[in-house]
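Participant: Here it is, the structure in full.
All of the numbers you see were taken from the coordinates with simple rules; none came from a lab. Because the structure is predicted, anything quoted here is derived from the model rather than measured. Every residue, glycine among them, receives a Cβ derived from its backbone with ideal geometry; neighbour counts consider all protein chains shown.
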């Protein structure tokens, strides 16, 4: 099991040595049983670090923020930022490296192995605890979680409340790291696309009905996009922020501003938004599941991305986020491609 | 007017409300939301917190203002599209949401009375359900001048007495709705009233979270516009719209022309929710963005709720429902942020 003291001592060591600007990790505030992101700047602050089954967040999201911040600094601090990364998070770093969005020296990765479990699904846990106030969730010794509620402790087999993405995880150990903690035994998952298979088995009509019903729930808060470390476009189609008007801009130019989609949460616009995101994540999504976890109305967004991942695997034998030197799926071709038009 | 309604008679009451479009909390995919009621037996009033607050009934996320259409003589025909005033009733409204509606009422009144809002608001009867147990672990209504049995903004307040509901009609609309139920409603005995009051007092004690000593926060915020606190507190913000879209008091909106055909030019002017958390919020057409960073956007949210609104309307623009805390993907906690403002520099 990952020893929290080992994690803290490594964090302290790199902060003391001034090796990193700050470390992005997890803390737990006193009022909640869930971990939250924390930014540690001093060795003293390291005491706040936690590692438990509620460390859901993909903190790579904040590496994207850091790059933006650095670009605005007049005299940028070029030291790397430290980051506590799970297996899935490390795969997100690989994709950012592959796409040359960041350099390897921009991050100091403290990898944590999820070993034989992973993080929990809050909604699954809520069903188990049936209204009781949760105080703490910890990793057990044998593929289980120890949940402390107001009424005492519960021992729950991991598979029962683990996040779906962890049940299908193909990288329980970080793929890239500067310091790796925890057991390094790889976990074998028999059917990594199990959850998509269920949806695939539906008829075309039923699939369409399923998705249109789900899309009706969308309130377009864009939490799915905002939680995603791969959604790093300077300007997203949903919010046009770079359209500047000067004294010389003509009415025609203003009128010709492209409006990709309406703000209205109606079927056509909701579906358009989610499909644009799914297509943009093809060959890039590493299945951290943050889009689905962040969604306040519980749309199974992970399924859209998982399907894309499956297509990439089946059609091109492409595994996302394992090799930073591999060309990105949608920016490469093979000489031996059976299609003429591609060559 | 106080009455008693047996729980078993509740579906009978619903059956009599044929003239109304009825909404109540419904659970779909593990999430509660106010949805149109499909049948009188499908409503279960309980201490639940919906994801989207009841504000969506009186202030929908999307509504039409008018239709525009190019005419044959190169003119434009505008047709106002006011909402229909068919009566609506919403069951299970939380007292914090009722109070929130009274705040939104202020915003859409005064110098510019908003006909679209008021048409819906006047047609809607809000049936509140006093909280016996806090519907969310992050409830803090008692810290922002509210309570689990606040009557503000509601037309009826129901209190769950076990086998019966204690029903208090608070407005004419509420009395009308109880009259629709005719003999289903009985006069309460003195002990019913005592029982309801006892439950209400007990409920207040169960509100776990507190935001104390905030009287000076509005004044303090005035001097903290350029504080580094906003950078620190917004570090983990991912700039989604959850905290504001799901806030029962947030009411910012955007207007857009949605073009349906270009020849002839035809379409609708549409109002949708907007949020200070999005990067293009109030961006000027010159390209100037008054709140370019997420720190300035978090500041806007806190300042609006705890300074600007207090200055204009003498009320916090927060009723303590806790949605923004519970649903924030990174756990930004408005109580913590306001406490930090309160304690800043001391």
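Participant: Sorted from largest to smallest, which semi-axis lengths in Å does the alpha carbon gyration tensor of the range B:3-95 give for its equivalent ellipsoid, taking the root of 5 times each eigenvalue? Don't skip to the answer; put the middle values down first.
Facilitator: Working: eigenvalues 269, 54, 22 Å².
Result for the range B:3-95: semi-axes of 37, 16, 10 Å.
Participant: Using only DSSP helix segments of four residues or longer, with each worth -39500 (n - 2.57), what per-residue ellipticity at 222 nm results for the protein assembly as shown after dividing by its residue count and rounding to 500? Mind dumping the intermediate values first?
Facilitator: On the way: 26 runs with 222 residues, N = 689.
-9000 deg cm²/dmol, from helical runs alone.
Participant: If you don't mind, there's one more thing I want to ask. Give me the extension gain from residue A:331 to residue A:138: residue separation times 0.36 nm, minus the current Cα-Cα distance, reported in nm with one decimal. Provide the component values of the computation, followed by the final result.
Facilitator: Values: separation 193, 0.36 × 193 = 69.48 nm, distance 4.20 nm.
Length gained, residue A:331 through residue A:138: 65.3 nm.
Participant: Run the paramagnetic zone check for residue A:167: 7 angstrom along Cα to Cβ, then residues of the range A:113-147 with backbone nitrogen under 11 Å.
Facilitator: Answer for this model: A:121, A:124.
Participant: Related question: Would you list B:293, B:111, A:31 from fewest to most Cβ contacts within 10 Å?
Facilitator: The order, fewest Cβ neighbours first, is B:111, A:31, B:293.
Participant: Residue separation times 0.36 nm, minus the C-alpha to C-alpha distance between residue A:237 and residue A:31: what's the value?
Facilitator: 70.5 nm
Participant: Okay, moving on. Once you put a point 7 Å from the Cα of residue B:18 and another 7 Å from the Cα of residue A:256, both along the Cβ direction, what distance in nm separates them?
Facilitator: Taking the simple label geometry, residue B:18 and residue A:256 are separated by 6.0 nm.
Participant: Got a sec? How would A:169, A:332 order by Cβ neighbour count within 10 Å, fewest to most? The partial results should precede the final answer.
Facilitator: On the way: A:169 23, A:332 11.
The fewest-first ordering by Cβ neighbours comes to A:332, A:169.
Participant: Under a no-solvent Debye model with one identical scatterer per Cα of the range A:190-343, what's log10 I(q)/I(0) at q = 0.11, 0.15, 0.16 Å⁻¹?
Facilitator: The Cα Debye sum returns log10 ratios of -0.56, -0.94, -1.03.
Participant: Given the options B:72, B:187, B:257, which has the most mean-square fluctuation in a GNM of chain B, springs set between C-alpha atoms less than 10 angstrom apart?
Facilitator: Among B:72, B:187, B:257, the largest GNM mean-square fluctuation belongs to B:72.
Participant: A further question follows. Can you divide the C-alpha Rg of the range A:248-319 by 2.2 N^0.38 Å and report the result to two decimal places? Mind showing how you got there, number by number?
Facilitator: Details: Rg = 16.6 Å, N = 72, 2.2 N^0.38 = 11.2 Å.
Normalised by 2.2 N^0.38 Å, the Cα Rg of the range A:248-319 equals 1.49.
Participant: In addition: Counting other beta carbons within 10 Å of each Cβ, put A:325, B:85 in order, fewest first. All intermediate terms of the calculation are to be shown ahead of the outcome.
Facilitator: Values: A:325 7, B:85 12.
Arranged by neighbour count, lowest to highest, A:325, B:85 become A:325, B:85.
Participant: Could I ask something else about it? Pick from A:34, A:74, A:48: which residue has the top mean-square fluctuation in a GNM of chain A where Cα pairs under 10 Å get a spring?
Facilitator: A:74
Participant: Right, next: How much of the DSSP bridge set in the protein assembly as shown is antiparallel, in percent, rounded to the nearest 5?
Facilitator: On the way: 56 of 77 bridges.
The answer is about 75 percent antiparallel.
Participant: Project the alpha carbons of the range A:115-268 onto their principal axes and report the range along each, largest first, in whole Å.
Facilitator: On the principal axes, the range A:115-268 reaches 68, 46, 37 Å in Cα extent.
Participant: I'd like the projected area of the protein assembly as shown, averaged over all directions, using the convex hull of its alpha carbons. Report it in nm² with one decimal.
Facilitator: 35.9 nm²
Participant: If you wrap the range B:2-206's Cα atoms in a convex hull and average its projection over all directions, what's the area in nm²? Working shown, then result.
Facilitator: On the way: hull surface 57.6 nm².
Here the figure is 14.4 nm², rounded to one decimal.
Participant: Counting pairs of alpha carbon atoms under 8 Å apart in space and at least six apart in sequence, what relative contact order in percent does the range A:246-336 give? Working shown, then result.
Facilitator: Numbers: 51 pairs, mean separation 22.0, N = 91.
Relative contact order for the range A:246-336 comes out at 24 percent.
Participant: If we sort B:120-126, A:303-309 on the protection proxy, mean other Cβ atoms within 10 Å, highest first, what's the order?
Facilitator: Details: B:120-126: 20.6, A:303-309: 23.0.
Those peptides, ordered most packed to least, come out A:303-309, B:120-126.
Participant: Expressed in nm to one decimal, what extension gain is obtained for the pair residue B:197 and residue B:176 from 0.36 nm per residue of sequence separation less their Cα-Cα distance?
Facilitator: Numbers: separation 21, 0.36 × 21 = 7.56 nm, distance 2.39 nm.
Length gained, residue B:197 through residue B:176: 5.2 nm.
Participant: Percent relative contact order of chain A, based on C-alpha pairs within less than 8 angstrom and at least six residues apart?
Facilitator: Relative contact order, chain A: 17 percent.
Participant: Given springs between every Cα pair under 10 Å in a Gaussian network model of chain A, which of A:333, A:210, A:56 has the largest fluctuation?
Facilitator: Looking only at A:333, A:210, A:56, the largest GNM fluctuation is found for A:333.
Participant: Could I ask something else about it? Over the range A:1-135, what is the relative contact order in whole percent, taking alpha-carbon pairs under 8 Å and six or more residues apart? Walk me through the intermediate numbers first.
Facilitator: Working: 176 pairs, mean separation 33.3, N = 135.
Relative contact order comes out at 25 percent.
Participant: So, one more: How many partner chain Cβ atoms sit within 10 Å of a residue's Cβ in peptide A:260-272, on average, as a whole number? Working shown, then result.
Facilitator: On the way: counts 0, 0, 7, 13, 9, 6, 5, 0, 0, 2, 0, 0, 0.
Partner Cβ neighbours, averaged per residue: 3.
Participant: Just grab the label-to-label distance for residue B:265 and residue A:146, each label 7 Å out from Cα along the Cβ direction, in nm (one decimal).
Facilitator: 7.0 nm
Participant: How many Cβ atoms of partner chains, on average, are near each residue of B:320-331 if near means within 10 Å of its Cβ?
Facilitator: Values: counts 0, 0, 0, 1, 0, 2, 3, 6, 4, 16, 12, 12.
Rounded to a whole number, the mean comes out at 5.
Participant: In peptide B:104-110, what is the residue-averaged number of other protein chain Cβ atoms found within 10 Å of each Cβ? The partial results should precede the final answer.
Facilitator: Values: counts 0, 0, 0, 0, 0, 0, 0.
So the per-residue partner count for this stretch is 0.
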